[in-house]
1. Go through (1) exposed (fewer than 15 other Cβ atoms within 10 Å of the Cβ); (2) modelled with pLDDT of 90 or more; (3) touching a helix residue (DSSP H, G or I) at 6+ places or on another chain (Cβ under 6 Å) for A38 and report which single condition fails.
2. Determine whether L13 is within 17 Å of F91 (Cβ to Cβ), assigned to a helix (DSSP H, G or I) and over 11 Å from the mean Cα position of the chain (by Cα).
3. Looking at segment 1-32, which of its residues are polar (S, T, N, Q) and surrounded by 10 or more Cβ atoms within 10 Å (Cβ to Cβ)?
4. Pairs needed: first member in segment 68-97, farther than 14 Å from G50 by Cβ; second member anywhere, charged (D, E, K, R) and part of a helix (DSSP H, G or I); C-beta distance under 6 Å; at least 6 residues apart or different chains.
5. Please state which of the following conditions I86 fails to meet, knowing it meets all the rest: (1) within 14 Å of the chain's Cα centre (by Cα); (2) open to solvent by less than 50 Å² (accessible area, probe 1.4 Å); (3) of a type outside the set (D, E).
6. What are the pairs with Cβ atoms under 7 angstrom where one residue, in segment 1-20, is at pLDDT below 80 and the other, located anywhere, is surrounded by 10 or more Cβ atoms within 10 Å (Cβ to Cβ)? Sequence gap at least six, or different chains.
7. Residue check, S39 against (1) part of a helix (DSSP H, G or I); (2) among the small types (G, A, S); (3) without any contact (Cβ under 8 Å) to a residue 12 or more places away in the chain; (4) under 20 Å from R21 (Cβ atoms), all met but one. Which one?
Amino acid sequence: MRFWSFWLNSFVLSSQYNPPRFVELLMLLLAIAMLAIASILPDRPYLILGLSLVVGASISILVREAIAPSPQRRITQLTASLLLIISLYGFADLMYAL
């Protein structure tokens, strides 16, 4: 019981301390779950939803870093840009397969 209480308190604290980063984390966690489901089940809606969440989270990260830079600005921008490129390539590949 103590373990779950710790995680719940950590989530509450992180959502109060930095809400945009918390929303981006939630979006990326949902994207990972959707892409994992899409790799197991061959349904396209899971893949489209996962890629959409990755695009939204990476654009949100890039905008947040442009407005208020963090100490790890370069690595964060590089990672978000890489995620954006990969997800846009996934969308292009999906459109080509249709």
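The values are calculated or read from the model by the stated rules, or taken from the named source; none is laboratory data. As the structure is a computational prediction, the values presented were derived from the model and not from experiment. Every residue, glycine as well, gets a Cβ built from its backbone with ideal geometry; the counts of neighbours run over all protein chains shown. When the accessible area is computed, the model is the full protein with side chains, heavy atoms only, and any ligands, DNA or RNA have been set aside. Shrake-Rupley method; radii C 1.70, N 1.55, O 1.52, S 1.80 Å.
1. Single failed check for A38: (1).
2. no
3. At the first step, the residues of segment 1-32 found to be polar (S, T, N, Q) are 5, 9-10, 14-16, 18.
Correct list: N9, S10, S14, S15, N18.
4. R73/E65; T76/E65; Q77/E65
5. Going through the list (1) within 14 Å of the chain's Cα centre (by Cα); (2) open to solvent by less than 50 Å² (accessible area, probe 1.4 Å); (3) of a type outside the set (D, E), I86 breaks only (2).
6. Cβ pairs passing all conditions: S14/F22; S15/F22.
7. All conditions are met except number (4).
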